[in-house]
There are 2 protein chains.
Amino acid sequence: MGKNKMHTHRHYEEGNEWGCGSWLEYTLVVVLASILLLGSLGLTLFWIINFHDGFAWRENTKKQFNLHPVLMVAGFITFSGFSILLYRICRCCRRIYVKLLHTVFHALAIPCVAIGFLAVLDSRNFNRPEAIPNFYSLHSWIGLVTMGLFAIQFVVGFFSFLLLLCCEGATAQFRASLVPIHASFGLTTFMLAIAACLTGLTQKVVESLGDTYHQWKDEGIVVNALGMVLVALGILVSYAVRSPTPKGDTKVYVTERL
Amino acid sequence: MGKNKMHTHRHYEEGNEWGCGSWLEYTLVVVLASILLLGSLGLTLFWIINFHDGFAWRENTKKQFNLHPVLMVAGFITFSGFSILLYRICRCCRRIYVKLLHTVFHALAIPCVAIGFLAVLDSRNFNRPEAIPNFYSLHSWIGLVTMGLFAIQFVVGFFSFLLLLCCEGATAQFRASLVPIHASFGLTTFMLAIAACLTGLTQKVVESLGDTYHQWKDEGIVVNALGMVLVALGILVSYAVRSPTPKGDTKVYVTERL
């Protein structure tokens with residue numbers, strides 16, 4: 001047991017001995033990801049306000065729809081993205097604080113997603129002269145799967161990594177075995193959220209611009225740019241939370257900090 | 001050095017001591033992923049042949065376009081997906097054989113992607129009465145990024161993990177440090193390929209069906225089902241190649257088999 005502790009201690013120390021290149025890469029990834037996470041929300045707001053006249057609730061169903069892309073990007077991309085990145089950003093904090101912040105950021109995403117979902121349902125059901133049907137498109141199907149996975153991840157994560165800490169010793173092995181699954185599904189949910197956004201953007205821009213999409217209109221370029229920011233985020237966040245690079249020879253210690 | 005060898009040997013043995021649950025999960029993931037990888041190609045063929053009258057080359061640009069979705073799904077999804085899964089399927093083969101098969105499957109994807117790309121370019125450039133512009137849509141931008149990442153991954157992977165084996169000892173540390181980056185970017189490329197397919201399907205179905213998309217027409221349902229197969233593949237492949245679950249307590253040995 002004493003030997004284990006020594007190993008763990010040594011691992012932490014080794015982990016903190018970063019070279020100049022590692023710090024540069026860390027700063028670059030964190031700064032660029034933060035810019036892109038906030039930029040995606042900013043660009044969505046810019047698109048909606050400039051090309052679709054802003055927001056409303058049931059008094060104007062067209063403007064009510066506009067809440068959908070903004071709130072979904074805020075919840076599924078900006079908040080969820082920062083929540084995932086926290087594990088990369090907070091290098092020196094205690095694990096429990098990172099976990100709590102991870103939960104808080106995901107919890108902040110919930111009202112965004114819920115109101116964003118309600119906005120699109122309402123804008124279709126209360127459309128006049130007649131209601132528009134729901135859940136017929138590939139975008140809506142992907143969105144439903146993403147919301148389902150998000151909900152499962154939140155409940156399982158909250159239960160397993162926070163509530164089960166009440167009996168820390170007895171649940172250590174179970175929690176350890178769940179970490180890679182939670183991490184893998186978490187990244188997959190983020191990628192699915194990006195796919196949902198990309199199909200939503202494609203459907204909206206093709207429906208809005210029709211044949212003029214290929215005339216390089218301003219709205220088309222803004223939507224494409226927003227899509228590329230989301231693609232860049234998918235690449236960057238996957239890279240940021242990749243498995244750790246083994247040090248030294250081909251054999252390596254990995255200490256899972258739960 | 002002798003001690004290292006002993007550790008490595010022990011790791012292999014421990015890795016092969018699988019319980020009934022692990023074998024069941026392995027079989028389930030591999031069989032389901034194989035069905036979905038072949039199913040996605042089958043469903044694309046079914047969609048194109050049943051709803052878009054099959055294939056042609058320059059004598060009929062509309063039918064020439066039909067080669068694009070089929071060849072892109074074959075290259076980016078079916079061949080690339082099997083290539084990634086090989087690392088999960090081949091548990092007992094020698095590492096070098098898995099690597100060679102991984103390269104062969106990716107190499108098979110190249111002509112599919114190249115001809116699929118040429119098919120869509122030709123079908124637009126030779127369209128009559130007038131050519132259709134290229135690269136204006138979000139789908140085409142995502143497709144270009146995916147092809148770029150695929151090409152970089154192929155060249156870097158071929159150079160680093162096959163050619164550099166000529167001086168195996170001297171390059172071990174470099175190759176070890178590249179493994180998680182190559183694996184992360186590989187999975188990201190696969191997810192981007194799925195996103196490219198999903199945006200392509202959305203654009204095509206919205207353009208083809210227009211307002212009748214929400215009438216639950218057969219083509220809409222087939223395209224949505226194909227999209228969901230791709231989503232299921234994204235979830236399953238990410239899960240299959242996740243980081244290994246740590247065994248025992250919170251401390252774990254990981255031997256990277258390069």
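Total residues in the stretch A:182-227 satisfying the condition of being under 25 Å from B:PRO180 (Cβ atoms) and either of a type outside the set (Gly, Ala, Ser) or over 24 Å from the mean Cα position of the chain (by Cα) (or both): the figure is 9. Just so you know, in the stretch A:121-139 the residues that are of a type outside the set (Ser, Thr, Tyr) and closer than 23 Å to B:GLY200 by Cβ include one that is nearest to the chain's Cα centre (by Cα), and it is A:HIS139. Residues in the stretch B:85-95 that are farther than 15 Å from B:VAL237 by Cα and touching a residue at least 24 places away in the same chain (Cβ under 8 Å): B:ARG91, B:CYS92, B:ARG95. Scoring A:GLY143 on the criteria (1) surrounded by fewer than 14 Cβ atoms within 10 Å (Cβ to Cβ); (2) within 13 Å of another protein chain (Cβ to nearest Cβ); (3) part of a helix (DSSP H, G or I); (4) at pLDDT 90 or above leaves a single failure, condition (1). Scanning the stretch A:230-248 for residues that are more than 7 Å from chain B (Cβ to nearest Cβ), in a loop (DSSP other than H, G, I, E, B) and either at pLDDT below 70 or surrounded by 21 or more Cβ atoms within 10 Å (Cβ to Cβ) (or both) returns A:LYS247, A:GLY248. Being under 24 Å from A:ALA240 (Cβ atoms), more than 9 Å from every other protein chain (Cβ to nearest Cβ) and among the small types (Gly, Ala, Ser) holds for only one residue in A:ALA183, A:ALA193, and it is A:ALA193. Condition check: among the aromatic types (Phe, Trp, Tyr), at the interface with chain A (Cβ under 9 Å from one of its Cβ atoms), in a helix (DSSP H, G or I) and within 18 Å of B:TYR87 (Cβ to Cβ). Does B:PHE154 satisfy that? So B:PHE154 fails the test. For the stretch A:215-227, the set of residues classified as surrounded by fewer than 17 Cβ atoms within 10 Å (Cβ to Cβ) and within 7 Å of chain B (Cβ to nearest Cβ) consists of A:TRP216 only. Checked against the criterion of being farther than 26 Å from B:THR61 by Cβ and surrounded by 14 or more Cβ atoms within 10 Å (Cβ to Cβ), the candidates B:VAL156, B:VAL113 yield just one match: B:VAL156. Within the stretch B:122-140, being surrounded by 14 or more Cβ atoms within 10 Å (Cβ to Cβ) and assigned to a helix (DSSP H, G or I) holds for B:ASP122, B:SER123, B:ARG124, B:LEU138, B:HIS139, B:SER140.
When each of A:LEU71, A:LEU86, A:LEU43 is tested for being in a helix (DSSP H, G or I) and farther than 19 Å from A:ALA196 by Cα, the lone residue that passes is A:LEU86. Do we find a residue being modelled with pLDDT of 95 or more, among the hydroxyl-bearing types (Ser, Thr, Tyr) and over 15 Å from A:PHE105 (Cβ atoms) anywhere in the stretch A:38-58? Looking for residues that are modelled with pLDDT of 95 or more, among the hydroxyl-bearing types (Ser, Thr, Tyr) and over 15 Å from A:PHE105 (Cβ atoms), one finds at least one in the stretch A:38-58, hence yes. Being in a helix (DSSP H, G or I) and either under 18 Å from the mean Cα position of the chain (by Cα) or among the acidic types (Asp, Glu) (or both) holds for only one residue in A:LYS62, A:LYS99, and it is A:LYS99.
The values are calculated or read from the model by the stated rules, or taken from the named source; none is laboratory data. From a predicted model like this one, the values you see are computed outputs, not experimental measurements. Every residue, glycine among them, receives a Cβ derived from its backbone with ideal geometry; neighbour counts consider all protein chains shown.
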